[in-house]
Amino acid sequence: MTVGDVRLMKGNEALAEAAIRAGCQAYFGYPITPQSEVLEYLADEGRKRGMIVLQAESEVASINMVYGAAGAGARVMTSSSSPGVSLMMEGISYIACAELPCLIVNVSRGGPGLGTIQPSQGDYFQSVKGGGHGDYRLIVLAPSSVQEMAGFVYDAFDLADRYRNPVMILADGALGQMMEKVEFPAYDPAAHAVPKPWATTGKPASRPANVITSLHMLAEQMEEVNHKLQAKYRLIEEHEVRYELLATDDADYLIVAFGLAARIAHRAVQVARAHGHRVGLIRPITLFPYPHAIIRSLAERMKGVLVVEMNAGQMVEDVRLAVEGRVPVKFYGRMGGVIPSPDEVAHAVEQMVGQTSDVSMEAH
Amino acid sequence: MTQEILQDQDTASFEGMECVYERPGTLSEARFHYCPGCGHSVVHRVLMEVIEEMGIAENTIGVAPVGCSVFAYHYMNIDMQEAAHGRASAVATAVKRIHPDKFVFSYQGDGDLAAIGTAETIHTCNRGENILMVFINNAIYGMTGGQMAPTSLMGMKTSTSPAGRTQETAGFPLKIADMVALLPGVSYVTRQSVHTPNAVRQLKKALTKSFGWQKEGRGTCFIEVVSNCPSGWKMTPIQANKWLVDNMFPMYPPGDLKVPA
């Protein structure tokens, strides 16, 4: 580690710098607030360091360029924000079916519609449950700091290559825009490169033609493709679940929050503990695969669970599926780009404690 | 009669005969699914002949569209990518950027290239991507059953313009080759056809020149093939080719629109 590896950077720039260091060969994107710094940084620094950077005519073109470059064997990415990511959904579905490794970054903003440019977690369903058509899954990583905006880029590319699956980093406008200290790890792209014998690189006489496609006209054939994808998703669920625990050992109450909301919840845990409530936090890092099992086992010894999100309540559905009614699951959220304060969240914790410490608990 | 000839060909012994004409190695042995008389199979074959004759099969990557030629990669025995509807030129752009030393072509019909993919078409050309775009214009959506295309002629009857195309409801036929010819990134725009043996030879020349210019890095080459759709037009192949000359050519006249300086 040299001194030059520690910097003060915006989340968007840290992510872009990490992409260069991770050996990303090509970036295709379209400007949209609050993530345009990714494109700007790469158009300058990325090009200087040999990356192919193309400002496309739309997010539709961008994602199809990602398809083409990934199919041609390159380590490749795009980034956008919520409305732009919506435009990419068709292409993402194709990429998932054709099993092309790539990184898609969503520095999300408040919606629906044109919405706002303020940070939001309203794209959880879109990122985790599908978004595009058909039965597919992205691996979804949710950073909660500028450090993770950078660090998850390396993980994302490696996971994408390992599983031949698109990976999404689901951040938000605050993580993209805020500046923090970030440390870049030593990473040798060559050491992480995997062979891609399936890529379209020009067909030598010695092998059959490589075809990148998501089209399988016979229903039985298409079902086979689906079985293969589902088997891969089960494998990912088995091996790649990531989460962080905070103060859960002695906790009576559990907060579940991801990304920026988890940082706010972290502070709320401290506030609630100062008020004498034993509260802990679990932060899912992978939103797919989701940490169902640990949430279930933690919930078994809790009096209540509070899910905090910057949306109308999306991940709370996964928490309820994990908890399966063992304890009450409450929700606190702000929408449309409003960031909840730690005090608001601590207040929601107090309310939960008030409601659930009663012997005759209400049903939910 | 036709049936008997086909059977004869399948079972005939060619022993002692000299082979003067055969399938190029770049064309797979899969049988074309195209309707009798359709231009696609001819264009596929000519394109693959050119790639074989130029000795560039190992260095060529193609991008297939959505439409009747969605399975182009079943027939073209080279590395191929199947693009989403309208996005072939975006996919081809990226393939070429990753492999600038390879030959890259896209192959699209009129709905794909000139309706849903218009933005990608214009901007690929405007960037002057060093690729070949092959555009099959038969003025109809063949695969989905004969709907109106952006290039359908005025008055042309299709399943979605049953009384004939009118300007009031559908605007005018889009002459996209003329549009891209205006763009400085585009070096070569030509309009060809495959309705006669001579036309096929002309197309072959245009394809050969295009790959040559791609090697020299001359920018986008755009070849429109004015083609037919006997099934969609509800004609015999012979009627369709006559209708093509009488009706398509006045709107889409064959010839070069732009050649490299």
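The values are calculated or read from the model by the stated rules, or taken from the named source; none is laboratory data. Since this is a predicted model, take the numbers as computed values, not measurements. Cβ: placed from backbone, ideal geometry, glycine included. Neighbour counts: every protein chain shown.
The rows are residues; the columns are (1) touching a helix residue (DSSP H, G or I) at 6+ places or on another chain (Cβ under 7 Å); (2) modelled with pLDDT under 95; (3) within 29 Å of residue A:134 (Cβ to Cβ).
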site	(1), (2), (3)
A:12	yes, no, no
A:17	yes, no, no
A:20	yes, no, no
A:28	yes, no, yes
A:47	no, no, no
A:50	no, no, no
A:59	yes, no, yes
A:78	yes, no, yes
A:100	yes, no, yes
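Among the listed residues A:73, A:91, A:46, A:84, which satisfies the condition of being part of a helix (DSSP H, G or I), within 11 Å of chain B (Cβ to nearest Cβ) and among the small types (Gly, Ala, Ser)? Even if it seems obvious, please write down each step before you answer.
On the way: A:73 fails: part of a helix (DSSP H, G or I); A:46 fails: within 11 Å of chain B (Cβ to nearest Cβ); A:84 fails: within 11 Å of chain B (Cβ to nearest Cβ).
Within the list A:73, A:91, A:46, A:84, the selection yields A:91.
Looking at A:134, A:91, A:115 in this structure, which one is out of contact with any strand residue (DSSP E or B) (no Cβ under 8 Å at 6 or more places or on another chain), surrounded by fewer than 24 Cβ atoms within 10 Å (Cβ to Cβ) and either modelled with pLDDT of 95 or more or small (Gly, Ala, Ser) (or both)? Outline the logic, then answer.
Numbers: A:91 fails: surrounded by fewer than 24 Cβ atoms within 10 Å (Cβ to Cβ); A:115 fails: out of contact with any strand residue (DSSP E or B) (no Cβ under 8 Å at 6 or more places or on another chain).
Step by step, each of A:134, A:91, A:115 is checked, and only A:134 is out of contact with any strand residue (DSSP E or B) (no Cβ under 8 Å at 6 or more places or on another chain), surrounded by fewer than 24 Cβ atoms within 10 Å (Cβ to Cβ) and either modelled with pLDDT of 95 or more or small (Gly, Ala, Ser) (or both).
Residues in the range B:186-201: is at least one under 26 Å from residue A:201 (Cα atoms) and aliphatic (A, V, I, L, M)? Working first, answer last.
First, the residues of the range B:186-201 that are under 26 Å from residue A:201 (Cα atoms): B:186-188.
Subset that is aliphatic (A, V, I, L, M): B:186.
The answer is yes; a qualifying residue exists.
Any residue in the range B:121-135 that is under 30 Å from residue B:235 (Cα atoms), of a type in the set (Ser, Thr, Tyr), out of contact with any Gly (no Cβ under 6 Å at 6 or more places or on another chain) and more than 9 Å from chain A (Cβ to nearest Cβ)? Walk me through how you get there before you give the answer.
Quick first cut of the range B:121-135, residues under 30 Å from residue B:235 (Cα atoms) only: B:133-135.
Next cut, of a type in the set (Ser, Thr, Tyr) only: none.
The answer is no; no qualifying residue exists.
What are the pairs with Cβ atoms under 8 angstrom where one residue, in the range A:335-354, is basic (Lys, Arg) and the other, located anywhere, is at pLDDT 95 or above and surrounded by fewer than 17 Cβ atoms within 10 Å (Cβ to Cβ)? Sequence gap at least six, or different chains.
No pair meets every condition.
Please count how many residues of the range B:96-128 are among the β-branched types (Val, Ile, Thr) and surrounded by fewer than 24 Cβ atoms within 10 Å (Cβ to Cβ).
Our first condition is that a residue be among the β-branched types (Val, Ile, Thr); within the range B:96-128, this holds for B:98, B:104, B:116, B:118, B:121-122, B:124.
Then drop every residue that is not surrounded by fewer than 24 Cβ atoms within 10 Å (Cβ to Cβ), which leaves B:116, B:118, B:122.
Number satisfying all stated conditions: 3.
Is it the case that the range B:75-90 has a residue that's more than 7 Å from chain A (Cβ to nearest Cβ), of a type in the set (Val, Ile, Thr), within 30 Å of residue A:51 (Cα to Cα) and buried (at least 24 other Cβ atoms within 10 Å of the Cβ)?
Checking the range B:75-90: not a single residue is more than 7 Å from chain A (Cβ to nearest Cβ), of a type in the set (Val, Ile, Thr), within 30 Å of residue A:51 (Cα to Cα) and buried (at least 24 other Cβ atoms within 10 Å of the Cβ).
Counting only residues that are more than 7 Å from every other protein chain (Cβ to nearest Cβ) and in contact with a strand residue (DSSP E or B) (Cβ under 7 Å, 6 or more places away or on another chain), how many does the range B:49-62 have?
Going through the range B:49-62 one residue at a time, the tally reaches 3.
Kindly list the number of the only condition in (1) of a type outside the set (A, V, I, L, M); (2) more than 10 Å from chain B (Cβ to nearest Cβ); (3) assigned to a strand (DSSP E or B) that fails for residue A:28.
Every listed condition holds for residue A:28 apart from (2).
Of all residues in the range B:147-189, count the ones that are of a type in the set (A, V, I, L, M, F, W, C), more than 15 Å from residue B:232 (Cβ to Cβ) and under 23 Å from the mean Cα position of the chain (by Cα). Quick ask: steps written out before the conclusion?
At the first step, the residues of the range B:147-189 found to be of a type in the set (A, V, I, L, M, F, W, C) are B:148-149, B:153-154, B:156, B:163, B:170, B:172, B:174, B:176-177, B:179-183, B:186, B:189.
Okay, now just the ones that are also more than 15 Å from residue B:232 (Cβ to Cβ), so B:154, B:163, B:170, B:172, B:174, B:176-177, B:179-183, B:186, B:189.
Now drop any that are not under 23 Å from the mean Cα position of the chain (by Cα), which leaves B:154, B:172, B:174, B:176-177, B:179-183, B:186, B:189.
Total satisfying the criteria: 12.
Scan the range A:149-162 and tell me whether some residue there is away from chain B (no Cβ under 14 Å), surrounded by 13 or more Cβ atoms within 10 Å (Cβ to Cβ) and in contact with a Gly (Cβ under 6 Å, 6 or more places away or on another chain). Lay out the reasoning, then the answer.
Here is the first cut: in the range A:149-162, the ones away from chain B (no Cβ under 14 Å) are A:149-162.
With the extra rule that they be surrounded by 13 or more Cβ atoms within 10 Å (Cβ to Cβ), the set shrinks to A:149-162.
Now drop any that are not in contact with a Gly (Cβ under 6 Å, 6 or more places away or on another chain), which leaves A:149.
Scanning the range A:149-162, I find at least one residue that is away from chain B (no Cβ under 14 Å), surrounded by 13 or more Cβ atoms within 10 Å (Cβ to Cβ) and in contact with a Gly (Cβ under 6 Å, 6 or more places away or on another chain), so the answer is yes.
Got a sec? Which of A:307, A:319 is closer than 30 Å to residue A:238 by Cβ, modelled with pLDDT of 95 or more, within 24 Å of the chain's Cα centre (by Cα) and in a helix (DSSP H, G or I)?
Working: A:307 fails: in a helix (DSSP H, G or I).
From the options A:307, A:319, the qualifying one is A:319.
Among what's in the range A:274-291 and is farther than 14 Å from residue A:257 by Cβ and without any contact (Cβ under 8 Å) to a residue 40 or more places away in the chain, pick the residue that is nearest to the chain's Cα centre (by Cα).
Kept after step one, since they are farther than 14 Å from residue A:257 by Cβ, are these residues of the range A:274-291: A:274-278, A:286, A:288-289.
From what's left, without any contact (Cβ under 8 Å) to a residue 40 or more places away in the chain: A:274, A:276, A:278.
Details: A:274: 32, A:276: 34, A:278: 29 Å.
Checking each candidate, the answer is A:278.
So, restricting to strands (runs of 3 or more DSSP E) that lie completely within the range A:160-267, which ones have at least 3 residues that are in contact (Cβ under 8 Å) with a residue 60 or more places away in the chain? Write out each step before concluding.
Values: elements: A:166-172, A:179-183, A:243-246, A:253-256.
Qualifying strands (runs of 3 or more DSSP E): A:166-172, A:179-183, A:253-256.
Yes or no: residue B:93 buried (at least 24 other Cβ atoms within 10 Å of the Cβ), touching a Leu at 6+ places or on another chain (Cβ under 9 Å), touching a residue at least 24 places away in the same chain (Cβ under 8 Å) and within 9 Å of chain A (Cβ to nearest Cβ)? Give the steps one after another, and end with the answer.
Numbers: buried (at least 24 other Cβ atoms within 10 Å of the Cβ): yes; touching a Leu at 6+ places or on another chain (Cβ under 9 Å): yes; touching a residue at least 24 places away in the same chain (Cβ under 8 Å): yes; within 9 Å of chain A (Cβ to nearest Cβ): yes.
In short, yes.
Given the residues B:232, B:212, which is the only one that is among the small types (Gly, Ala, Ser) and farther than 29 Å from residue B:148 by Cβ? Please lay out each step first, then the result.
Working: B:232 fails: farther than 29 Å from residue B:148 by Cβ.
Of the residues listed, the single one that is among the small types (Gly, Ala, Ser) and farther than 29 Å from residue B:148 by Cβ is B:212.
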